[in-house]
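Each remark here refers to the structure printed beneath this line.
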Amino acid sequence: MNDLVYLEKMYEAGAAPYFDALSAHAYGLRSPAVEAPALERLNFRRVELVREVMVRNGDAAKPIYVTEAGWNDSPRWNQSVSPAQRIEYTLDAYQWAEEHWPWCQVVAMWAFRYPEAMNSYHDNFVFVGVDFQPRPVYTRIQQWAAQ
């Protein structure tokens with residue numbers, strides 16, 4: 001079911017008083033972080049459409065926690081971006097959220113590290129390898145965060 005329809009149905013069923021915050025996923029797939037949200041597309045800023053549903057239903061005071069977000073730089077996956085794009089989009093995502101989403105308290109990129117290699121495109125979501133070697137995206141985000 002479409003995530004926006006699902007959330008609307010939850011409100012219609014009376015769910016509002018039963019949660020203090022909303023968790024959302026904000027994967028960018030092949031889209032830049034700043035690409036505008038659209039009903040027919042999954043992208044990082046789709047969370048803004050989720051927020052609109054919350055506001056329409058009187059829940060503007062509740063925060064959203066982005067518990068999974070990010071881009072994949074696998075050369076073998078059709079939804080991936082280049083390593084340089086992944087770095088750019090990830091930085092842009094953090095900056096966008098910081099500047100435009102006062103209602104979003106957390107943006108957690110997926111995934112820091114897996115305990116073992118997945119031997120699939122999933123390995124290209126991580127920030128450090130199974131051996132804890134930092135990937136370029138980790139190093140660049142670390143530099144940005146230290147500023």
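Here are some notes:
- Of all residues in the stretch 42-91, those being in contact (Cβ under 8 Å) with a residue 24 or more places away in the chain and among the small types (Gly, Ala, Ser) number 6.
- Matching residues, the stretch 57-73, being under 17 Å from Arg46 (Cβ atoms) and of a type in the set (D, E, K, R): Glu68
- Conditions (1) closer than 20 Å to Ala15 by Cα; (2) of a type outside the set (Gly, Ala, Ser); (3) open to solvent by less than 10 Å² (accessible area, probe 1.4 Å); number of the one not met by Glu52: (3)
- Residue that is nearest to Ala93 (Cα to Cα), among those in the stretch 35-53 that are of a type in the set (A, V, I, L, M) and in contact with a strand residue (DSSP E or B) (Cβ under 9 Å, 6 or more places away or on another chain): Val47
- Candidates are the residues of the stretch 54-95 that are small (Gly, Ala, Ser) and in a loop (DSSP other than H, G, I, E, B); the one that is nearest to the chain's Cα centre (by Cα) is Ser80.
- Residues of the stretch 11-27 satisfying the condition of being assigned to a helix (DSSP H, G or I) and open to solvent by less than 70 Å² (accessible area, probe 1.4 Å): Tyr11, Ala16
The values are calculated or read from the model by the stated rules, or taken from the named source; none is laboratory data. Everything numeric in this text was worked out from a predicted model, so none of it was measured. No Cβ is skipped: glycine too gets one built from the backbone with ideal geometry, and neighbour counts run over all protein chains shown. Only protein heavy atoms, including side chains, enter the accessible area calculation; ligands, DNA and RNA are left aside. Shrake-Rupley method; radii C 1.70, N 1.55, O 1.52, S 1.80 Å.
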